[in-house]
1. Hey, what angle do you get for helix 108-123 against the long axis of the chain, alpha-carbon based, 0 to 90 degrees rounded to 10?
2. Where nothing but the Cβ of Lys and Arg (+1) and of Asp and Glu (-1) is charged, how large is the charge dipole of the chain around its Cα centre, in debye to the nearest 20?
3. List the relative contact order of the chain as a percent without decimals, with contacts defined as Cα pairs under 8 Å and 6+ residues apart.
4. For the chain, what D do you get in µm² per second when you plug the Kirkwood radius from alpha-carbon pairs into Stokes-Einstein at 4 °C and 1.567 mPa s?
5. In debye, nearest 20: dipole of the range 144-226 around its Cα centre with unit charges on the Cβ of K, R (+) and D, E (-)?
6. Among residues other than residue 257 whose Cβ falls under 14 Å from its Cβ, what is the net charge (Lys/Arg +1, Asp/Glu -1)?
7. By how many degrees, 0 to 90 and rounded to 10, does the Cα axis of helix 250-261 deviate from the longest principal axis of the chain?
8. About the Cα centre of the range 30-173, what is the dipole size in debye to 20, counting +1 per Lys and Arg Cβ and -1 per Asp and Glu Cβ, all else neutral?
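Every read-out reported here was derived from the displayed coordinates using simple, explicitly stated rules and does not represent laboratory data. As the structure is a prediction and not an experimental result, all values here were calculated from the model. For neighbour counting, all protein chains shown are included, and Cβ atoms are generated from backbone atoms with ideal geometry for every residue, glycine included.
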Amino acid sequence: MKKTVLITGCSTGIGYVCAHALHKHGFHVIASCRNEQDVERLSLEGLACIQLDLNDPQSITHGVRHALELANGNLYAVFNNGAYGQPGALEDLPTQALQAQFQTNFFGWHQLVREVLPHMRAQGEGRIIQNSSVLGFAAMKYRGAYNASKFALEGWTDTLRLELMDTNIKVALIEPGPIETQFRQNALKAFEQWIDVENSPHKAAYDGQKRRLDNDKSNNKFVLPPESCIKPVLHALTSDNPKIRYRITTPTKVFAVLKRLLPTRILDKILRQTA
């Protein structure tokens, strides 16, 4: 019998390519998207796709129920992927902006996992894969809201792994780093919604930030395509002993080493120069 995997945030990027790849590898994939038009598009592409909005607790509950129906009650894995980045200096971000960031990137994931865990316990196995970031352990300026949500996710996931060690439910973190997706376009919308550029002491820096977010392509020479996440996700799903963390891009691997080796003040100087 095919194992069923529920993936959030499948309209584009990592979620989209992993949904199609896992489908081709023989998994029963249940992709989810926030917008109905994306649900229809992925359904036409041959995927089982449901509507699930991480900003809406009722939508999460309905989405989990729908996924369990499609899985005949046997949901093997969840790949929590749906997220966005909220740019801006922390002093410019209203509390509502951080609340919105955490609802999508953290609280929605918490609710979803809580709702699927009883089913995984009952069936005696499961996999929970969390898509984190290099920004889940290395803070960078003007990314404070996203940093905070991913730092929280890393601690939450480490705790969950410890609490599930006496079960056959395995937990893993994916830490991609720079991936070529529509992440910048979505971040630009969030930036324009919440940041008052003209009245900010960071106005000059924001001009550069906006130019970066406006670009169709990343200028980062280490950027990888979203397909680079397929192999780690597959390993996390199929290995008898999945890794705790899958570090994918060069910056993620380098900063993981530097954080262990360098004094914080020296690492701060490096991170301060990172775009």
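1. 20
2. On the way: 32 positive and 26 negative charges, 225 e Å.
Computed charge dipole of the chain: roughly 1080 debye.
3. Taking the mean separation of contacting Cα pairs over the length of the chain, I get 19 percent.
4. Diffusion coefficient, whole number: 67 µm²/s.
5. Dipole size: approximately 300 debye.
6. Details: positive: 245, 247, 253, 259, 260; negative: 175.
My count for the surroundings of residue 257 gives +4.
7. 70
8. I would put it at about 280 debye.
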